[in-house]
Amino acid sequence: MMPGVALVVGASGGIGAAICDRLISDDNISVVVAVSRSDCPARYINDPKVSVVWHVSDHSEQSLVEICRSVSQLEQPLTKVFIATGVLHGEGWGPEKRIESLDAELMHHVFHINTVIPSLWIKAITSVFNAASSCDVIILSARVGSIQDNRSGGWYAYRSSKAALNMVVKTAAIEYARRFKNIRFLVFHPGTTDTSLSKPFQKSVPSAALFSADYVAESLMQVLMQPNGDCNIRFLDWAGKEVVW
Ligand SMILES: NC(=O)c1ccc[n+]([C@@H]2O[C@H](COP(=O)([O-])OP(=O)(O)OC[C@H]3O[C@@H](n4cnc5c(N)ncnc54)[C@H](OP(=O)(O)O)[C@@H]3O)[C@@H](O)[C@H]2O)c1
């Protein structure tokens, strides 16, 4: 099989960075195209063995178009896309415990990063594909975005932004099945992972249930190897188990 190009969106995040590190030692990947708001880390710049093309992006539509155009111009096909952007808390704010805590501005902020940005990427990559393209598109979501699985409530903006994201991916998968028959979507729940996103909430998590980002990146690669039959979209966790929508 000819090695392909992997695109990682949100490449400076805990999980996004671990995915990049995992991909650069993958024989099936010849180039990692990494997108982040931050500059390229020194460990990639100084290593001639590493083929990483780093784009600093504000995720504006113009930026997405330009990055996708540069991906189209690479010699190898795009075979893996990982979208790892997400936010749960920030300076002076966190997930809501009560409906009274909902704040319009923060809700827009959370939806923009968790739903709008990934959706625009799913739109933008259509310019790279043709009817014969074969690619796995992995979207980092969360089990708390499952409507059926919601038993504990709370976290209004985060939960609903992930539920909306899941619906966008599901809807895109229906359209992609008509236009790009060999593109498969994986909506992925990584489990509680030791990154800045989960830091304030780790106290109540038993150590065995708190994963390193490297473990999650490796688990994701294993999950991608599972056969998926005729289905072009799955919602799975780090162990490869189905998550209810
Ligand atoms: N950690 C967990 O326990 C956990 C559990 C369930 C689901 N997830 C999901 O896994 C994904 C990765 O999260 P993580 O744990 O790696 O968290 P993280 O270390 O905090 O990384 C956050 C990610 O979001 C991007 N991001 C943050 N603010 C942004 C903004 N204003 N505009 C554009 N991008 C922004 C970052 O991209 P840059 O490269 O630009 O910094 C980075 O990729 C998220 O979708 C998260 O919801 C995580």
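No lab work stands behind these numbers, since they all come straight from the coordinates. Here the structure is a predicted model, which is why all the values come from computation and not from measurement. Don't worry about glycine lacking a Cβ; one is built from the backbone with ideal geometry, like all the others, and counts go over all protein chains shown.
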Counting DSSP beta bridges in the chain, what percent are antiparallel, to the nearest 5?
5
Sum -39500 (n - 2.57) across every DSSP H segment of at least 4 residues in the chain, then divide by the residue count to get the 222 nm mean residue ellipticity, nearest 500.
-9500 deg cm²/dmol
The helix 213-224 Cα axis meets the longest alpha-carbon principal axis of the chain at an angle in degrees, between 0 and 90 and rounded to 10, of 60
Using Cα pairs under 8 angstrom and six or more residues apart, how large is the relative contact order of the stretch 4-237, in percent?
20
Please compute the net charge surrounding THR171, taking Lys and Arg as +1 and Asp and Glu as -1 over other residues with Cβ under 14 Å from its Cβ.
+3
With 10 angstrom as the radius, rank ASP194, ASP26 by how many other C-beta atoms surround their C-beta, starting from the fewest.
ASP26, ASP194
Between SER212 and GLN73, with labels modelled 7 Å along Cα→Cβ, what's the label distance in nm to one decimal, could you check?
3.9
So what are the three principal axis dimensions of the stretch 4-237 from its Cα atoms, in whole Å, longest to shortest?
52, 43, 36
